[in-house]
1. Using helices alone, what [θ] at 222 nm do you get for the chain, with -39,500 (n - 2.57) per DSSP H run of 4 or more residues, divided over all residues and rounded to the nearest 500?
2. Testing the spin-label approximation: label points 7 Å from Cα along Cα→Cβ at residue 85 and residue 46. State their distance in nm.
3. Looking at the chain, how many pairs of lysines come closer than 25 Å at the Cα, when each pair is eight or more places apart or spans two chains?
4. Of the options 86, 60, 25, report the single residue whose Cα projects farthest towards the positive end of the charge dipole of the chain (beta-carbon charges: Lys, Arg +1; Asp, Glu -1).
5. Of [x] 1.72; [y] 1.35; [z] 0.98, which is the value of Cα Rg over 2.2 N^0.38 Å derived from the coordinates here?
6. Around residue 88, what is the net charge, scoring Lys/Arg as +1 and Asp/Glu as -1 over all other residues with Cβ under 15 Å from its Cβ?
7. With charges only on Cβ, +1 for K and R and -1 for D and E, what is the dipole size of the chain about its Cα centre, in debye, rounded to 20?
8. Quick one: 3J(HN,Hα) in Hz for the range 14-27, Karplus 6.51/-1.76/1.60 with θ = phi - 60°, rounded, Gly and Pro as x.
Amino acid sequence: MQDLKEFKLIDGLFTAEEATQVLTALINYKIDYHNREDFSNHIRFNKNPEHSNKRIAQLVESKDLLQSLLNKAIDGKLNFKIDGTIKITVEA
């Protein structure tokens, strides 16, 4: 049985500066989460950090690409419509 729920996390029109703050904070939080999780699992359970390391690399790459896009937009005084929906599936 699968039960899908959706939650609006971000929904609105943002200046490039606002979009930079919101999206960078979100990505930084996810990077910090994986760093803490990796450290904890490595110390407590001697787990391999491979998954976290891959995810951190993906997030850093996304952050760099996003920053490049937003920097161009700041110069052009552009706005962004951001729609961030989180989908959660409960699986049995």
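1. Numbers: 2 runs with 57 residues, N = 92.
Helices in the chain give a 222 nm mean residue ellipticity of -22500 deg cm²/dmol.
2. 4.6 nm
3. 20
4. Of the candidates, 60 comes out farthest on the positive side.
5. The listed entry that was calculated here is [y].
6. On the way: positive: 5, 8, 87; negative: 3, 6, 91.
Net of charged neighbours comes to 0.
7. 120 debye
8. Along the range 14-27, the couplings run 10, 5, 4, 5, 5, 4, 4, 4, 5, 6, 5, 4, 5, 5 Hz.
Each reported figure results from applying straightforward, stated rules to the coordinates on display, with no laboratory input. Model, not experiment: these values are computed from the prediction. FYI the Cβ positions are ideal-geometry reconstructions off the backbone, even for glycines, and counts take in every protein chain you see.
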